[in-house]
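J.: One structure, as structure tokens, below. Some questions next.
The values are calculated or read from the model by the stated rules, or taken from the named source; none is laboratory data. This one's a predicted model, so the numbers in the text were calculated from it and none came from an experiment. Here the Cβ positions follow ideal geometry from the backbone for every residue, glycine too, while neighbour counts run over all protein chains shown. We work out accessible area using only protein heavy atoms, side chains counted, and drop any ligands, DNA or RNA first. Shrake-Rupley method; radii C 1.70, N 1.55, O 1.52, S 1.80 Å.
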Amino acid sequence: MAKGLRGCLCPMLLLLCAMQELGCWAMHTAGQGPGEPGDPALLAGGRVKRGWVWNQFFVVEEYTGTEPLYVGKIHSDSDEGDGSIKYTISGEGAGTIFLIDEITGDIHATERLDREQKTFYTLRAQARDRQTDQLLEPESEFIIKVQDINDSEPRFLEGPYIGSVAELSPVGTSVMQVMASDADDPTYGSSARVVYSVLEGEQHFTVDSKTGVIRTAVADLDRETQDRYEVVIRATDMAGQLGGLSGSTTVTIVVTDVNDNPPRFPQKMYQFSIVETAPVGTAIGRVKAEDSDVGENTDMTYQVKDEEGVEMFKVTTDSNTQEAVITVQKPLDYESKKVHTVVVEALNKFVDPRFVDLGTFRDQTIVRVSVLDVDEPPEFRPPSNLLEVQEDAHVGSVVGVVTALDPDTANHPVRYAIDRSTDAERIFDIDAKTGAIVTGKVLDRETAGWHNITVLARQADNHSQVSRASLRIRILDVNDNPPELATPYEAAVCEDAKPGQLIQTISVVDRDEPQSGHRFYFTLAPEATNNHHFSLLDIQDNTAAVHTQRVGFNRQEQDVYLLPILVVDSGPPALSSTGTLTIRVCGCDSTGAIQSCNSTAYVVSATLSPGALIALLVCVLILVVLVLLILTLKRHHKSHLTSEDDEDMRDNVIKYNDEGGGEQDTEAYDMSALRSLYDFSEIKAGDGGGGPGEGGPGRNPASELHALPQWVQSPDLDFSVFRDYICRKVEQADEDLSVPPYDSFQTYAFEGSDSPVPSLSSINTWSSGSEQDFSYLGGWGPRFRQLAALYAGRRGGEDSEES
């Protein structure tokens, strides 16, 4: 144990060694299993009590000595110091960081330790018999703690730090908080106790030494002067005592803007110019008030403050550039006013009430607008556009005078003209110098009561400067049209009419339109003064009534009466015209309805009784049904005949009156239609070449021509098909009693098998003893030339055989 005391290198180890010497730490075994410390084999020495004796071990971090650092000793109470016990350790760092003396149990640290990386190591100790290598004590676990020293400085792990504070904030306004971390053991000494202080920027900001909260130190922070500050904050451990470690960080503090600056115009006066012909809405120029603030604190509006400017100009705010746009609100006139003065005011949209005491947040400037003179077209004065003229005005009469003046100071002379596109008929003319409008043609209000013309006014020396004025000319009415009957009236009177009976009401028309209205007077014309048949009554409402004046009329004596009526208007001057009323005498029924007149039926009753109308409709319907029935029967009969013709397969004898073309006529009839059922080439081949001149190379054209198709009965031919067809048709004809029998001549291309002779044709006669001479065929013309050559060749062949 003295060795253990002498091995203590530091006060803490001395304390631990003293505790070890006093036996404060002891571990005893109590195991009972085989091979364990309680086994009888392990107690051969006769000891009753065994156990480990050690203390908890500590080692200082960051040891920089050259020799291994003594940690402590492990010892068993059964160790008698004779070296029979071997000590070993296992676990974290055993054999690398920590080494043990097998005989003495001394433990040394061979490497430099860092508590910030690992605070303790857990190991296990064993005591074995050196001879038998058996465990003398149960394996036990112990801990080696790394003792902290102040070797880590405080660090700001959350940087970089950026904070903000509004300008003009009061003293002590919190900006932000910073925190530093120290890796040393906070439970051991003051190595991890950190305090804060300001290294740079202490004239504007302070920091709480314990919490790290940064606050403003002054109340006059001005963003417009300095908009950001770099403050260095230091953190020191050991509670700031001498020898403590420290770390620092830079905190960026941005001063945010408040609306503490009013808008200001850089100039107190602005000057712009614009031509007098600029249309309303034309932009004259832009002005802008400067504001030292930023963001929405620079938003402002502009307005015109003086009355003259408000009337002539308009100011709007460009939201993108915050500029005042000055535009023309009313037409400008250089001759009236050459310079306009406008007072423009700028003011902030958003005013912070905390800074109202700093002054008014608005500013004013003067804008002078100079109007530039340009050559303007003439102007019509006064602008009245309505003229009136009587329709009976003579050609050349003055309708009115238009006046146009040059608005420029030069006052150039003006020339006038009429736009002929608005007066193509040249009804009016205008004096080019005076502007007097005169009639060019006779006017007629009834034809055209209004005229719309356009008058042009040009500068005499510059025709490009032209103005236009639209004039409406109204033609005033004069009484120049006599009244006329509204229509060519025709009336009818019954033969049995009574005196005083109303025949017709007369009205008139007048194309004139007097201002006081129409008033017409009616009377019989002078030539009708001796009239005793009819009377005319003026009803005083511009109409008149015609009545009978006698009892009864006789249309045999006179069927038409012509009554002349004189109509006079109210003037002035009073005009009149005479119209004729035609009255026809007609026959009437007992109710007074007109039946007929002498010359023409004046009124004809077109009404039919219901019975007559029904009878007429029935007749028309019967006629329609009869026509349809006849058409149906004809169509049915035609279809029946067509079906019978389709079923009747008899061959008809067809007679042709035209002469055929002989052998040269190849278009007359196609014989292949008759040969389609049988192959004549096979029949010809069946001759076996027994005929003269056949099959040999010496065959001549003459012998070729006589080999015409001829009927030669073949034993292979079957005519049962034809026989059955003919029998079936005969039975159908015998059984059909609806039609009379048909006389028909059946012609077939081939004869039946029961015919007693092969053929009846003289052409096909094959007789070697024939004495007939066919030489006369050569005189029949070119059409029979081939036939003559045929028989001439046959005849020559027969002679050669006989010889």
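J.: Mind listing just one residue for me: the one in the stretch 148-158 that is surrounded by fewer than 18 Cβ atoms within 10 Å (Cβ to Cβ) and not aliphatic (A, V, I, L, M) and, of those, farthest from Phe120 (Cα to Cα)?
T.: Kept after step one, since they are surrounded by fewer than 18 Cβ atoms within 10 Å (Cβ to Cβ), are these residues of the stretch 148-158: 149, 151, 155, 157-158.
Adding the requirement that they be not aliphatic (A, V, I, L, M) leaves 151, 155, 158.
Values: Asp151: 17, Arg155: 24, Glu158: 29 Å.
For the stretch 148-158, the residue satisfying everything is Glu158.
J.: Those residues that are in a loop (DSSP other than H, G, I, E, B) and surrounded by fewer than 20 Cβ atoms within 10 Å (Cβ to Cβ), I need them from the stretch 213-225; list them, please. It would help to see each step written out before you state the result.
T.: If we filter the stretch 213-225 for residues that are in a loop (DSSP other than H, G, I, E, B), which is where we start, we get 217-225.
Selection gives Ala217, Val218, Ala219, Asp220, Asp222, Glu224, Thr225.
J.: Also: Filter the stretch 226-242 down to the residues that are open to solvent by 60 Å² or more (accessible area, probe 1.4 Å) and either of a type outside the set (A, V, I, L, M) or closer than 13 Å to Ala180 by Cβ (or both), then identify the one that is modelled with the lowest pLDDT.
T.: Residues of the stretch 226-242 that are open to solvent by 60 Å² or more (accessible area, probe 1.4 Å), as a first pass: 226-228, 230, 234, 241-242.
The next check asks that each one be either of a type outside the set (A, V, I, L, M) or closer than 13 Å to Ala180 by Cβ (or both); those that pass are 226-228, 230, 234, 241.
Numbers: Gln226: 92, Asp227: 91, Arg228: 92, Glu230: 94, Arg234: 92, Gln241: 80.
My answer is Gln241.
J.: While we're looking at this one, here's another question. Testing Asn411 on (1) without any contact (Cβ under 8 Å) to a residue 12 or more places away in the chain; (2) on the phi < 0 side of the Ramachandran plot, one condition comes back false. Which one is that?
T.: Failed condition: (2).
J.: Another question, if that's okay. Exactly one condition in (1) farther than 14 Å from Thr249 by Cα; (2) not in a loop (DSSP other than H, G, I, E, B) is not met by Ser209; state its number.
T.: (2)
J.: Collect the residues in the stretch 268-280 that are open to solvent by 50 Å² or more (accessible area, probe 1.4 Å), of a type outside the set (A, V, I, L, M, F, W, C) and farther than 13 Å from Ala346 by Cα, keeping them in residue-number order. So that I can check it myself, show each step before the final result.
T.: Initial filter on the stretch 268-280 (open to solvent by 50 Å² or more (accessible area, probe 1.4 Å)): 268-269, 271, 273, 275, 277, 279-280.
Narrowing the set further to residues that are of a type outside the set (A, V, I, L, M, F, W, C) leaves 268, 271, 273, 277, 279.
Scanning the stretch 268-280 gives Gln271, Ser273, Thr277, Pro279.
J.: Let me confirm something: among Gly81, Gly35, which residue is modelled with pLDDT of 55 or more, part of a loop (DSSP other than H, G, I, E, B) and more than 16 Å from Gln147 (Cα to Cα)?
T.: On the way: Gly35 fails: modelled with pLDDT of 55 or more.
Every option except Gly81 fails the conditions.
J.: Would you mind stating whether Ser169 is under 60 Å from the mean Cα position of the chain (by Cα), in a loop (DSSP other than H, G, I, E, B) and not assigned by the TED database to the domain that holds Gly285? Reasoning before the result, please.
T.: On the way: under 60 Å from the mean Cα position of the chain (by Cα): yes; in a loop (DSSP other than H, G, I, E, B): yes; not assigned by the TED database to the domain that holds Gly285: yes.
Yes: the conditions hold for Ser169.
J.: From the residues in the stretch 63-76 that are assigned to a loop (DSSP other than H, G, I, E, B) and open to solvent by less than 70 Å² (accessible area, probe 1.4 Å), which one is nearest to Glu139 (Cα to Cα)? Walk me through it before giving the result.
T.: Step one: of the stretch 63-76, the residues assigned to a loop (DSSP other than H, G, I, E, B) are 63-68, 74.
In the following step, the residues that additionally are open to solvent by less than 70 Å² (accessible area, probe 1.4 Å) were identified as 65, 68, 74.
Numbers: Gly65: 32, Pro68: 25, Ile74: 12 Å.
Top of the filtered list is Ile74.
J.: Only one residue in Pro488, Pro482, Pro514, Pro499 is assigned to a loop (DSSP other than H, G, I, E, B) and touching a His at 6+ places or on another chain (Cβ under 9 Å). Which one?
T.: Working: Pro488 fails: touching a His at 6+ places or on another chain (Cβ under 9 Å); Pro482 fails: touching a His at 6+ places or on another chain (Cβ under 9 Å); Pro514 fails: touching a His at 6+ places or on another chain (Cβ under 9 Å).
Only one candidate qualifies: Pro499.
J.: What pairs come out if I take residues in the stretch 378-396 that are open to solvent by 70 Å² or more (accessible area, probe 1.4 Å) and pair them with residues that are in a loop (DSSP other than H, G, I, E, B) and not hydrophobic (A, V, I, L, M, F, W, C) whose C-beta lies under 6 Å away, six or more apart or interchain?
T.: Glu379/Pro407; Arg381/Thr403
J.: Please go through the stretch 77-96 and pick out each residue that is touching a residue at least 12 places away in the same chain (Cβ under 8 Å), at positive phi and open to solvent by 30 Å² or more (accessible area, probe 1.4 Å). Can you show your working first?
T.: So the first thing to find is which residues in the stretch 77-96 are touching a residue at least 12 places away in the same chain (Cβ under 8 Å), and the list is 77-79, 83-94, 96.
If we keep only those that are at positive phi too, we end up with 83, 91, 93.
If the condition is that a residue be touching a residue at least 12 places away in the same chain (Cβ under 8 Å), at positive phi and open to solvent by 30 Å² or more (accessible area, probe 1.4 Å), then Gly91 is the only one that fits.
J.: Based on this model, can you work out whether Asp406 counts as modelled with pLDDT under 90, surrounded by 14 or more Cβ atoms within 10 Å (Cβ to Cβ) and in contact with a His (Cβ under 9 Å, 6 or more places away or on another chain)?
T.: On the way: modelled with pLDDT under 90: yes; surrounded by 14 or more Cβ atoms within 10 Å (Cβ to Cβ): yes; in contact with a His (Cβ under 9 Å, 6 or more places away or on another chain): yes.
Taking the combined requirement at face value, the residue satisfies it.
J.: Another one. Going through the stretch 97-121 one residue at a time, which ones are open to solvent by 30 Å² or more (accessible area, probe 1.4 Å) and more than 20 Å from Ser140 (Cα to Cα)?
T.: Within the stretch 97-121, Thr110, Glu111, Arg112, Asp114, Glu116, Gln117, Lys118, Thr119 meet the criteria.
J.: When you go through Pro138, Pro160 one by one, which is the residue that is in contact (Cβ under 8 Å) with a residue 40 or more places away in the chain and farther than 30 Å from Val59 by Cα?
T.: Working: Pro138 fails: farther than 30 Å from Val59 by Cα.
Within the list Pro138, Pro160, the selection yields Pro160.
J.: Residue check, Leu537 against (1) open to solvent by 70 Å² or more (accessible area, probe 1.4 Å); (2) part of a loop (DSSP other than H, G, I, E, B), all met but one. Which one?
T.: Only one criterion in (1) open to solvent by 70 Å² or more (accessible area, probe 1.4 Å); (2) part of a loop (DSSP other than H, G, I, E, B) is unmet by Leu537, namely (2).
J.: Scan Val351, Val356, Val325 and give me the residue that is part of a strand (DSSP E or B), within 24 Å of Asn261 (Cβ to Cβ) and not charged (D, E, K, R). Break it down stepwise before answering.
T.: Working: Val351 fails: part of a strand (DSSP E or B); Val356 fails: part of a strand (DSSP E or B).
Every option except Val325 fails the conditions.
J.: Restrict the check to the stretch 314-322 and report whether at least one residue is closer than 30 Å to Pro377 by Cβ and either touching a His at 6+ places or on another chain (Cβ under 6 Å) or modelled with pLDDT under 95 (or both). Reasoning before the result, please.
T.: In the first step, residues of the stretch 314-322 are kept if they are closer than 30 Å to Pro377 by Cβ; the result is 314.
Narrowing the set further to residues that are either touching a His at 6+ places or on another chain (Cβ under 6 Å) or modelled with pLDDT under 95 (or both) leaves 314.
Yes; the residues of the stretch 314-322 include at least one that is closer than 30 Å to Pro377 by Cβ and either touching a His at 6+ places or on another chain (Cβ under 6 Å) or modelled with pLDDT under 95 (or both).
J.: With respect to Asp431, is the statement that it is of a type in the set (D, E, K, R) and within 51 Å of the chain's Cα centre (by Cα) true?
T.: Numbers: of a type in the set (D, E, K, R): yes; within 51 Å of the chain's Cα centre (by Cα): no.
No, not satisfied.
J.: State yes or no: is Glu446 in the same structural domain as Ala410 (by the TED database) and within 29 Å of Ser516 (Cα to Cα)? Give the derivation first.
T.: Numbers: in the same structural domain as Ala410 (by the TED database): yes; within 29 Å of Ser516 (Cα to Cα): yes.
Criteria met by Glu446.
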